[in-house]
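The values are calculated or read from the model by the stated rules, or taken from the named source; none is laboratory data. Everything quoted here is computed from the prediction, not taken from an experiment. Virtual Cβ from ideal backbone geometry, glycine too; neighbours counted across all protein chains shown.
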């Protein structure tokens with residue numbers, strides 16, 4: 001116990017000393033490198049997200065690679081920044097907002113395929129951790145409203161009924177298929193649904 005405490009104190013002193021010897025410029029470079037790669041960069045490399053994007057038709061046309069743009073966008077939710085703060089006003093990244101908008105608005109990218117093959121990768125990792133005594137696995141279907149009240153010219157935008165508020169809203173129905181073992185949830189597929197009635201559609 002004494003030996004453990006002494007070793008622990010030495011490790012703490014060494015870390016503190018390393019911090020004292022680190023220059024402000026080095027700290028800034030480490031911060032920039034971490035933000036550029038994103039907190040999930042190691043997981044993306046293990047799951048080969050770049051290859052999955054390519055298999056889904058999400059390929060580079062010009063400028064930054066799809067993986068780099070995807071990593072920056074994905075990382076926003078975990079660094080406490082919105083799109084405007086994390087990309088538009090962020091001068092620390094070399095990707096312009098137009099490149100990000102083009103990436104998000106491309107009609108040729110198959111995001112449903114990407115979601116499916118990414119799920120299969122993560123599922124296999126989780127399945128190895130489960131044993132025969134693990135809870136049963138289930139498929140979950142969820143049909144929730146996707147509010148687009150501010151939108152004006154969106155293809156198939158419609159008036160849909162929200163069962164939680166018992167009111168109609170402008171948007172879509174978001175049908176989601178997911179997997180769960182009672183502890184984890186993984187999205188498998190999704191689809192935005194418009195109204196089947198032509199009179200309920202705005203466009």
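From the list 87, 93, 58, 73, the one residue that fits, being at pLDDT 90 or above and more than 22 Å from residue 125 (Cα to Cα), is 58. Among the residues of the range 171-203, those identified as farther than 13 Å from residue 144 by Cα and either in a strand (DSSP E or B) or in contact with a strand residue (DSSP E or B) (Cβ under 6 Å, 6 or more places away or on another chain) (or both) are 178, 179, 180, 185, 186, 187, 188, 189, 195, 200, 201. Residues in the range 165-183 that are loosely packed, with under 13 Cβ neighbours inside 10 Å and touching a residue at least 12 places away in the same chain (Cβ under 8 Å): 182, 183. Residues that are in contact (Cβ under 8 Å) with a residue 60 or more places away in the chain and more than 19 Å from residue 121 (Cα to Cα) within the range 184-203 comprise just one, 191. Would you check if there is a residue in the range 97-104 being assigned by TED's automatic domain parsing to the domain that holds residue 47, more than 27 Å from residue 48 (Cβ to Cβ) and at pLDDT below 95? There is at least one residue in the range 97-104 that is assigned by TED's automatic domain parsing to the domain that holds residue 47, more than 27 Å from residue 48 (Cβ to Cβ) and at pLDDT below 95. A count restricted to the range 55-107 and to residues that are free of Cβ contacts under 8 Å to residues at least 60 places away in the same chain and not in a helix (DSSP H, G or I) stands at 22.
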